[in-house]
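Take a look at the structure set out below.
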Amino acid sequence: MPLRPYIVGNWKMHGTRAMLSEARAIDRAAQRHMKVEVAIAPPYTLIHPVHREAEQIVVGAQDCHDQESGAHTGEVSAPMLADAGAKFVILGHSERRQGHGENDALVRDKAQAAFNAGLRVIMCCGETEKTRDAGRAVAHVKKQLKASLPEGIEDAAEKLTVAYEPIWAIGTGKTATTDDIAEMHGEIRKLLITLFGEEAGSEIRILYGGSVKPENAGEILSVTDVGGALVGGASLTADSFMGIALAAGETEEG
Ligand code: 13P
């Protein structure tokens, strides 16, 4: 049974309690689109409030620390996220890799900490424009992904999701061509089968992220091996976010 399309909103550093009404609207709409799994990753401060109110959508976080607890001022651990109601965590986002100096080894340790706390992981990978122009996008992404994943993940199809986000497509309005997405997702699929075996490797959802909007979602989500979308800007209003979820549901029916 293939898993449902997975549409995840990454709110990044957007959202005060005033945004809870938007989360409620997303939750109500998600109840009418059960063929699609809808999730949002708000800022830390909104995880518990969204969790308390949501009936349908799943709530997650955008990062976690690699230790369970300790003298780490300003940090939040995976067990704390689980305690607040988070069910998953996005890790290895390019804004953390580039903006906060996170390397593959640290991202891998964070993923292990998240699994230990019972969280699911959305593992991000992606290349810069320079790397793509140099013809090294596929090799770069495969190396980055392999080095960022812990070994021996149990129930990998359930617990792990991969998000391919070309860095040059994030927040720019540019998207990769469907041919490039198909090539990259196909290569990621092969890697996942090598790492986790035929059964789990074929089922793990591979999301596309980078300027996904209601207008381009149908085309992107119908590409082979695209199992959903990781959405930034367009996830901040229920209207545009659920427009993407609707496109995912239609792809599923078709
Ligand atoms: P945008 O949808 O705003 O391009 O952001 C994509 C992203 O980084 C999601 O994690």
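A straight chain from His14 to Ala139 at 0.36 nm per residue would run longer than the Cα-Cα distance by 41.7 nm. Summing charges over all other residues whose Cβ lies under 9 Å from the Cβ of Val138, with Lys and Arg as +1 and Asp and Glu as -1, gives -1.
For region 149-231, report the % of Cα-Cα distances exceeding 15 Å. List each step's numbers first, then the result.
Working: 1843 of 3403 pairs.
Across region 149-231, Cα pairs with separations above 15 Å total 54 percent.
Lysine pair count for the chain with Cα-Cα distance under 13 Å and sequence separation of 8 or more or different chains is 5.
Compared with the direct C-alpha span, the chain from Ser69 to Leu3 gains 20.4 nm at full extension, assuming 0.36 nm per residue.
Dipole of region 1-138 computed with +1 at Lys/Arg Cβ and -1 at Asp/Glu Cβ about the Cα centre; of Ser21, Gln67, Pro79, farthest Cα towards the positive end is Ser21. Find the relative contact order for the chain and round it to a whole percent, using C-alpha pairs within less than 8 Å whose residues are 6+ positions apart. With pairs under 8 Å counted, the relative contact order is 21 percent. Length gained on full extension, Ser222 to Asp155, computed as 0.36 nm times the residue gap minus the Cα-Cα distance: 21.5 nm. Solvent-accessible surface (1.4 Å probe) assigned to Ser222 amounts to roughly 80 Å².
Between Thr128 and Glu250, what's the calculated FRET efficiency when r is the beta-carbon distance and R0 is 35 Å? Round to 0.05. Could you put the intermediate results ahead of the total?
Numbers: r = 33 Å, r/R0 = 0.94.
The pair Thr128/Glu250 has a calculated efficiency of 0.60.
For region 1-123, what mean projected area does the convex hull of the alpha carbons give, in nm²? Numbers along the way, then the final one.
Numbers: hull surface 32.2 nm².
For the Cα atoms of region 1-123, the hull's average projected area reads 8.1 nm².
Computing the accessible area with a 1.4 Å probe over protein heavy atoms, can you report the carbon and sulfur percentage for the chain? With neighbouring chains kept in place, the figure for the chain is 48 percent. Short-range pairs are left out: with C-alpha atoms under 8 Å and at least six residues apart, the relative contact order of region 140-213 is 47 percent.
Extent of the chain along its three principal axes (Cα atoms, max minus min coordinate, largest first): 45, 44, 35 Å. Positive contributions from Lys and Arg (+1) and negative ones from Asp and Glu (-1), summed over other residues with Cβ under 15 Å from the Cβ of Lys12, come out at -2. Per residue, the solvent-accessible area of the chain (1.4 Å probe, heavy atoms of protein chains only, all protein chains present) comes to 46 Å².
The values are calculated or read from the model by the stated rules, or taken from the named source; none is laboratory data. Predicted model, so just to flag it, every value in this text is computed and none were measured. As a convention, Cβ positions derive from the backbone with ideal geometry for all residues, glycine included, and neighbour counts pool all protein chains shown. Side chains included, ligands, DNA and RNA excluded: accessible areas come from the protein's heavy atoms. Shrake-Rupley method; radii C 1.70, N 1.55, O 1.52, S 1.80 Å.
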